[in-house]
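Worksheet: the structure to be examined is printed underneath.
The values are calculated or read from the model by the stated rules, or taken from the named source; none is laboratory data. All values derive from a computational prediction rather than experimental measurement. Note that we place each Cβ from the backbone using ideal geometry, even for glycine, and neighbour counts take in every protein chain shown.
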Amino acid sequence: MTKTIRIDGDTIPFEEGQTIIEAATAAGIYIPHLCHHPEFTPHGSCKLCTVNVNGRNCSACTFPAMEGQEILNNSQELQADRQKITQMLFVEGNHFCPSCEKTGNCQLQAVAYHLNMLDSHFPHFYAHREVDASHAEVLIDHNRCIFCTLCVRASHEHDGKEVFAISGRGINKHLIVNAESGLLKDTNLEATDLAAHICPTGAILIKRTAYQVPIGERSYDHQHIDQVSLALVHTDEN
Amino acid sequence: MQAFVNHLATENQYQSTHLLRILHAIQARYHYIPESAIEQLAPLLNITRTQIIGVIEFYSFFHLTARGRYELLISDSITDHLVGKQALTDYLSTKLHVAVGEVRADGLVSLDNTSCTGLCDQGPAGLVNGYALPHLDHARIDQISELINQEIPIELWPSELFQVDDHIVKPGLLLSHPLTPGDALQSMFNRGLTATLAELDASGLRGRGGAGFKTASKWHYCRDESESERYVICNADEGEPGTFKDRVLLNSYAQQVFEGMTVCAAIIGAQQGFLYLRGEYLFLYEKLQQILAERRQLGLLGNNILNSDIHFDIDICLGAGAYICGEESALIESLEGKMGIPRNRPPYPVTQGYLGKPTVVNNVETFLAAAAIAHLGGQWFATIGTEKSKGTKILSISGDCARPGIYEYAFGTSIETILSDCGAEELLGVQIGGPSGLFISEQELQRKLAFEDLATGGSFIIFNKHRNLLEIVNNFTRFFAHESCGFCTPCRVGTSLLKNQLAKIVEGHGSAGDVVALEELCALVKNYSHCGLGQTAANPIMSTLARFPELYQSRLKNISYEPGFDLDAALETARQLANRNDAAAHLTQVEQD
């Protein structure tokens, strides 16, 4: 007999070993997320995918699906709180969507739209962050880093390199690269590496490609992130 | 330096799990971790330089830039503030010509704040090159300044400067009758391992760190895992401000704590144990090593313990200034030579702990009690306390009372009794369980010390009526923002937002909506954070807001709106550039009514 969980009242099947987000995605249910990526080891840090499992908040990307779980995902309360968590990310760094070349392709921006975020709500930190433009083909704009570690994981798990890492503690967390000079140009990163393309925001960009796809024709210009996200996984499977 | 780093790597068998130990040695010698040491160490330990940099930047006691040859840290715990920490730090700063947070130009001395040093009963306290300096006063600061200016090596400083007292005021069930080394192990072997676990179960002992998980169940789960390798860890990273009982237990009852760990090892089948000692307790390190050596001599550690077929040994690992490592999975990460970031759970440490193997992590006091139970049986313990909280609890009492120190009480004792014993007068309230616990007011003194009422890891800070409650809450809230590991968004960003939002109100810049905004933020941080740190970081605000709402309201401006943006502060750079500071160079935020 197939094992099942219930999400917002719908019964969906799961396989042993699946996380809640994996089971949900397979069933066509979108759970907002930023640090989660189906191809990499779950991280559980952004907390956007928080769902309520039998009365307790859990990260859907790390928590295993188990028989008998009654899960709330699309509740008003969760969506409102996810919006606030997204606003936290916006005020922590320096995100100016209109002047960012990632606009329209940015998951942070798209999640914010999805959650109906209309302002930043919290006072901005105006953190002083640097740009590392040393690499011939890849740029790091630390202003936009949200510490999701997707570049760290992609470099390690997919590219077989160790280009990126997160260092520091608390609000002083920051992305570092694996070079004695601390500069991207002195790492073994290549523009073809997945790590250079995986950033959900505009923190890691490929140089000279900014407007190849014009604004208005980008991933999230005509579709919400839930549709894009679910389509992506289902295309991969086929 | 190259030879030194090489030697360290060899001495540590090139194990990356020993990274903190190696960094401690480099930091002690050079007062920072030089870049060349990182470059040399990475290949020797077969880890990336980024892992080493990450660890250095994570822990407060490691630095990428040089500190003074005498590194002075002054405890920023509220208990130190109550006894004049601020004025003393200012005095020290003037005396030594070094600003807080800086290194003196000649590189001789640096001065900074640090989180609670666990000397709350004998503050104001500090650390010099990691070693505890209790009872600071003007005379001692004069003396210390003189010693530093004359560049006298710390080993030659008068020993009374480093004299840390136990202050056991009220010993009870456990503290009155320390075991003779070997007694618990002998009783356990006589009774049998399974029967001893049954005694532990019957005793009802629950974890003394505060969470209160049943100890026997934890050991059971770990024993039942189908792995051949298991570990025992004693969590001596007591970083909760106001807690110092583990300091005393390890100073005067270490034999029994180690014996408790050995009992656990025998029962679950572990061959290796670790004592994770907080960096602030460096002064106990050598003494504890000697006790371990003694136990090996007595056949109580090592191979064939008391001629049985049990083999077990204990290693001591020093933390490096990170409160979060008191969280068991963060502690395990730290033991593995990494940043102390709490793991995702499940899996729990009993199934996948140190190096992915089943691991029991217990508090110092839990092991102390477990040893006594192994010797005297479960019933002896279970008859004391309440139905759900058996036995006694050891408290660290500090703050506004006549007799700060260590007190042991049967569970179920009322707060009133405790306050009367320690001589608390003109009470405002008590912070129970440290900043992550609960503030109770003088209206609630009939409440009881028990898991079912006031659960606590043992921190008990008393405040009298002359104290400014909002300053206290401010101190606690700053503490959490400083100690957040930064892994998850709600805690990383949220604790700093809480700090700023509270400061806005305390400093008198808040208006009508600001308390509501504060409450909303508290709920968010509490409900969505990854681990206990974030889930409890808003407790000081929430528990005082519930009891003293008028206190917060009284700080608000009588205007409907105050921008979060400080107009006048934003002009500071312009004022400096124009070299002006007259009235016309300042802006009032919003015209007052």
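Just a yes or no: is a residue in the range B:260-277 among the small types (Gly, Ala, Ser) and more than 28 Å from B:Gly192 (Cα to Cα)? Working first, answer last.
First, pick out the residues of the range B:260-277 that are among the small types (Gly, Ala, Ser): B:260, B:265-266, B:269-270, B:273.
With the extra rule that they be more than 28 Å from B:Gly192 (Cα to Cα), the set shrinks to none.
No, every residue in the range B:260-277 fails to be among the small types (Gly, Ala, Ser) and more than 28 Å from B:Gly192 (Cα to Cα).
If I ask for residues that are aliphatic (A, V, I, L, M), under 21 Å from B:Tyr70 (Cβ atoms) and either assigned by TED's automatic domain parsing to the domain that holds B:Glu333 or part of a helix (DSSP H, G or I) (or both), which ones from the range B:20-36 would you list? Full working, then the answer.
The initial filter retains those residues of the range B:20-36 that are aliphatic (A, V, I, L, M), namely B:20, B:22-23, B:25-26, B:28, B:33.
From what's left, under 21 Å from B:Tyr70 (Cβ atoms): B:23, B:25-26, B:28, B:33.
Matches in the range B:20-36: B:Leu23, B:Ala25, B:Ile26, B:Ala28.
Looking at B:Ala265, B:Ala293, which is the one that is closer than 23 Å to B:Leu197 by Cα, without any contact (Cβ under 8 Å) to a residue 60 or more places away in the chain and assigned to a helix (DSSP H, G or I)? Steps first, please.
Values: B:Ala293 fails: closer than 23 Å to B:Leu197 by Cα.
On inspection, the qualifying residue turns out to be B:Ala265.
Does A:Val91 satisfy the condition of being under 27 Å from A:Asp193 (Cβ atoms) and outside any loop (DSSP other than H, G, I, E, B)? Before the answer, list the steps.
Values: under 27 Å from A:Asp193 (Cβ atoms): no; outside any loop (DSSP other than H, G, I, E, B): yes.
In short, no.
Look through B:Ala322, B:Ala372, B:Ala410 and report the one residue that is touching a residue at least 24 places away in the same chain (Cβ under 8 Å), buried (at least 24 other Cβ atoms within 10 Å of the Cβ) and more than 14 Å from chain A (Cβ to nearest Cβ). Don't jump to the end; show me each part of the working.
Working: B:Ala322 fails: more than 14 Å from chain A (Cβ to nearest Cβ); B:Ala410 fails: buried (at least 24 other Cβ atoms within 10 Å of the Cβ).
Unique residue meeting the criteria: B:Ala372.
Just one of A:Ala231, A:Ala191, A:Ala210, A:Ala179 is more than 30 Å from A:Gly28 (Cα to Cα) and at pLDDT below 95; which is it? Don't jump to the end; show me each part of the working.
Details: A:Ala231 fails: more than 30 Å from A:Gly28 (Cα to Cα); A:Ala191 fails: at pLDDT below 95; A:Ala179 fails: at pLDDT below 95.
Sole residue among the options that is more than 30 Å from A:Gly28 (Cα to Cα) and at pLDDT below 95: A:Ala210.
For the condition within 14 Å of chain A (Cβ to nearest Cβ), among the hydrophobic types (A, V, I, L, M, F, W, C) and on the phi < 0 side of the Ramachandran plot, what is the one hit in B:Cys522, B:Cys422?
Working: B:Cys422 fails: within 14 Å of chain A (Cβ to nearest Cβ).
After applying the criteria, what remains is B:Cys522.
With the requirement that a residue be within 24 Å of the chain's Cα centre (by Cα) and either assigned to a loop (DSSP other than H, G, I, E, B) or more than 13 Å from A:Ser59 (Cβ to Cβ) (or both), what does the range A:16-33 give you? Talk me through it step by step, then tell me what you get.
Step one: of the range A:16-33, the residues within 24 Å of the chain's Cα centre (by Cα) are A:17-33.
Matches in the range A:16-33: A:Gly17, A:Gln18, A:Ala23, A:Thr25, A:Ala26, A:Ala27, A:Gly28, A:Ile29, A:Tyr30, A:Ile31, A:Pro32, A:His33.
Could you run through the range B:224-247 and say how many residues are part of a loop (DSSP other than H, G, I, E, B) and not basic (Lys, Arg)?
So the first thing to find is which residues in the range B:224-247 are part of a loop (DSSP other than H, G, I, E, B), and the list is B:225-230, B:237-244.
Adding the requirement that they be not basic (Lys, Arg) leaves B:225-229, B:237-244.
Count: 13.
Of the residues A:Ile85, A:Ile140, A:Ile146, which single one is out of contact with any Gly (no Cβ under 7 Å at 6 or more places or on another chain), of a type outside the set (Phe, Trp, Tyr) and over 16 Å from B:Thr50 (Cβ atoms)?
On the way: A:Ile140 fails: over 16 Å from B:Thr50 (Cβ atoms); A:Ile146 fails: out of contact with any Gly (no Cβ under 7 Å at 6 or more places or on another chain).
Residue meeting the stated conditions: A:Ile85.
Yes or no, residue by residue, for (1) hydroxyl-bearing (Ser, Thr, Tyr); (2) within 24 Å of B:Asn468 (Cα to Cα):
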site	(1), (2)
B:Asn500	no, yes
B:His509	no, yes
B:Tyr528	yes, no
B:Gly532	no, no
B:Gln535	no, no
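What's the number of the only condition in (1) within 15 Å of B:Phe476 (Cβ to Cβ); (2) among the small types (Gly, Ala, Ser); (3) modelled with pLDDT under 95 that B:Ala538 fails to meet?
(3)
From A:Thr11, A:Thr41, A:Thr103, which residue is surrounded by fewer than 24 Cβ atoms within 10 Å (Cβ to Cβ) and assigned by TED's automatic domain parsing to the domain that holds A:Cys148? Quick ask: steps written out before the conclusion?
Details: A:Thr11 fails: assigned by TED's automatic domain parsing to the domain that holds A:Cys148; A:Thr41 fails: assigned by TED's automatic domain parsing to the domain that holds A:Cys148.
That would be A:Thr103, the only listed residue that is surrounded by fewer than 24 Cβ atoms within 10 Å (Cβ to Cβ) and assigned by TED's automatic domain parsing to the domain that holds A:Cys148.
Just to be sure before I move on: is B:Ala370 farther than 16 Å from B:Gly207 by Cβ, aliphatic (A, V, I, L, M), not assigned by TED's automatic domain parsing to the domain that holds B:Gly437 and not in a loop (DSSP other than H, G, I, E, B) in the structure I sent?
Numbers: farther than 16 Å from B:Gly207 by Cβ: no; aliphatic (A, V, I, L, M): yes; not assigned by TED's automatic domain parsing to the domain that holds B:Gly437: yes; not in a loop (DSSP other than H, G, I, E, B): yes.
Against the criterion (farther than 16 Å from B:Gly207 by Cβ, aliphatic (A, V, I, L, M), not assigned by TED's automatic domain parsing to the domain that holds B:Gly437 and not in a loop (DSSP other than H, G, I, E, B)), B:Ala370 does not qualify.
Is it true that some residue in the range B:381-401 is part of a strand (DSSP E or B), modelled with pLDDT of 95 or more and either within 14 Å of chain A (Cβ to nearest Cβ) or out of contact with any Gly (no Cβ under 7 Å at 6 or more places or on another chain) (or both)? Before you say what the answer is, go through the steps one by one.
The first filter runs over the range B:381-401 and keeps only residues part of a strand (DSSP E or B), leaving B:385, B:390, B:392-399.
Next, from what is left, pick out any that are modelled with pLDDT of 95 or more: B:385, B:390, B:392-399.
Still in the running and either within 14 Å of chain A (Cβ to nearest Cβ) or out of contact with any Gly (no Cβ under 7 Å at 6 or more places or on another chain) (or both): B:399.
The answer is yes, given that some residue of the range B:381-401 is part of a strand (DSSP E or B), modelled with pLDDT of 95 or more and either within 14 Å of chain A (Cβ to nearest Cβ) or out of contact with any Gly (no Cβ under 7 Å at 6 or more places or on another chain) (or both).
Which one of these is surrounded by fewer than 24 Cβ atoms within 10 Å (Cβ to Cβ) and either of a type outside the set (Gly, Ala, Ser) or out of contact with any helix residue (DSSP H, G or I) (no Cβ under 6 Å at 6 or more places or on another chain) (or both): B:Thr243, B:Thr215, B:Thr180? Show your work before the answer.
Working: B:Thr243 fails: surrounded by fewer than 24 Cβ atoms within 10 Å (Cβ to Cβ); B:Thr215 fails: surrounded by fewer than 24 Cβ atoms within 10 Å (Cβ to Cβ).
After applying the criteria, what remains is B:Thr180.
Out of curiosity, is B:Leu250 in contact (Cβ under 8 Å) with a residue 60 or more places away in the chain and assigned to a helix (DSSP H, G or I)?
Values: in contact (Cβ under 8 Å) with a residue 60 or more places away in the chain: yes; assigned to a helix (DSSP H, G or I): yes.
Here the answer is yes, as B:Leu250 does meet what is asked.
Pairs please, first residue from the range B:479-498 and touching a residue at least 60 places away in the same chain (Cβ under 8 Å) and assigned by TED's automatic domain parsing to the domain that holds B:Glu519, second anywhere and among the aromatic types (Phe, Trp, Tyr) and in a helix (DSSP H, G or I), Cβ atoms under 8 Å, 6+ apart in sequence or on different chains.
Within 8 Å, the pairs are B:Phe479/B:Tyr323; B:Glu483/B:Tyr323; B:Cys485/B:Phe58.
Check off (1) more than 11 Å from chain B (Cβ to nearest Cβ); (2) of a type in the set (S, T, N, Q); (3) more than 14 Å from the chain's Cα centre (by Cα) for A:Asn105 and give me the number that stays unchecked.
Against the list (1) more than 11 Å from chain B (Cβ to nearest Cβ); (2) of a type in the set (S, T, N, Q); (3) more than 14 Å from the chain's Cα centre (by Cα), A:Asn105 comes up short only on (3).
How many residues does the range B:482-509 contain that are away from chain A (no Cβ under 12 Å) and either buried (at least 24 other Cβ atoms within 10 Å of the Cβ) or hydrophobic (A, V, I, L, M, F, W, C) (or both)? Show your work before the answer.
Of all residues in the range B:482-509, those away from chain A (no Cβ under 12 Å) come to B:502, B:505-508.
From what's left, either buried (at least 24 other Cβ atoms within 10 Å of the Cβ) or hydrophobic (A, V, I, L, M, F, W, C) (or both): B:502, B:505-506.
Residues flagged as away from chain A (no Cβ under 12 Å) and either buried (at least 24 other Cβ atoms within 10 Å of the Cβ) or hydrophobic (A, V, I, L, M, F, W, C) (or both) within the range B:482-509 amount to 3.
For a quick check of your reading: which strands (runs of 3 or more DSSP E) sit entirely within the range A:111-190 and have at least 3 residues that are within 10 Å of chain B (Cβ to nearest Cβ) and under 17 Å from A:His43 (Cα atoms)?
Details: elements: A:138-141, A:164-167, A:174-177.
Result: A:164-167.
Of everything in the range B:58-98, what is of a type in the set (A, V, I, L, M), out of contact with any His (no Cβ under 6 Å at 6 or more places or on another chain), touching a residue at least 40 places away in the same chain (Cβ under 8 Å) and assigned to a loop (DSSP other than H, G, I, E, B)? Give them in sequence order. Working first, answer last.
As a first pass, look at the range B:58-98 and keep what is of a type in the set (A, V, I, L, M): B:64, B:66, B:72-74, B:78, B:82-83, B:87-88, B:92, B:96, B:98.
Now restrict to residues that are out of contact with any His (no Cβ under 6 Å at 6 or more places or on another chain): B:64, B:72-74, B:78, B:82-83, B:87-88, B:92, B:96, B:98.
Still in the running and touching a residue at least 40 places away in the same chain (Cβ under 8 Å): B:72-74, B:78, B:82-83, B:88, B:92, B:96.
Once the filter is applied, which keeps residues that are of a type in the set (A, V, I, L, M), out of contact with any His (no Cβ under 6 Å at 6 or more places or on another chain), touching a residue at least 40 places away in the same chain (Cβ under 8 Å) and assigned to a loop (DSSP other than H, G, I, E, B), the range B:58-98 yields only B:Val83.
Out of curiosity, is B:Leu470 within 30 Å of A:Ala127 (Cα to Cα) and within 14 Å of chain A (Cβ to nearest Cβ)?
No: the conditions fail for B:Leu470.
Look through the range B:158-180, keep the residues that are outside any loop (DSSP other than H, G, I, E, B) and free of Cβ contacts under 8 Å to residues at least 12 places away in the same chain, and return whichever of them is nearest to B:Gly423 (Cα to Cα). Lay out the reasoning, then the answer.
Keep residues of the range B:158-180 that are outside any loop (DSSP other than H, G, I, E, B), which gives B:159-162, B:168-170.
Within this subset, residues satisfying the condition of being free of Cβ contacts under 8 Å to residues at least 12 places away in the same chain are B:159-160.
Working: B:Ser159: 30, B:Glu160: 27 Å.
Top of the filtered list is B:Glu160.
Scan the range B:464-472 and tell me whether some residue there is surrounded by fewer than 24 Cβ atoms within 10 Å (Cβ to Cβ), among the polar types (S, T, N, Q) and free of Cβ contacts under 8 Å to residues at least 40 places away in the same chain.
The answer is yes, given that some residue of the range B:464-472 is surrounded by fewer than 24 Cβ atoms within 10 Å (Cβ to Cβ), among the polar types (S, T, N, Q) and free of Cβ contacts under 8 Å to residues at least 40 places away in the same chain.
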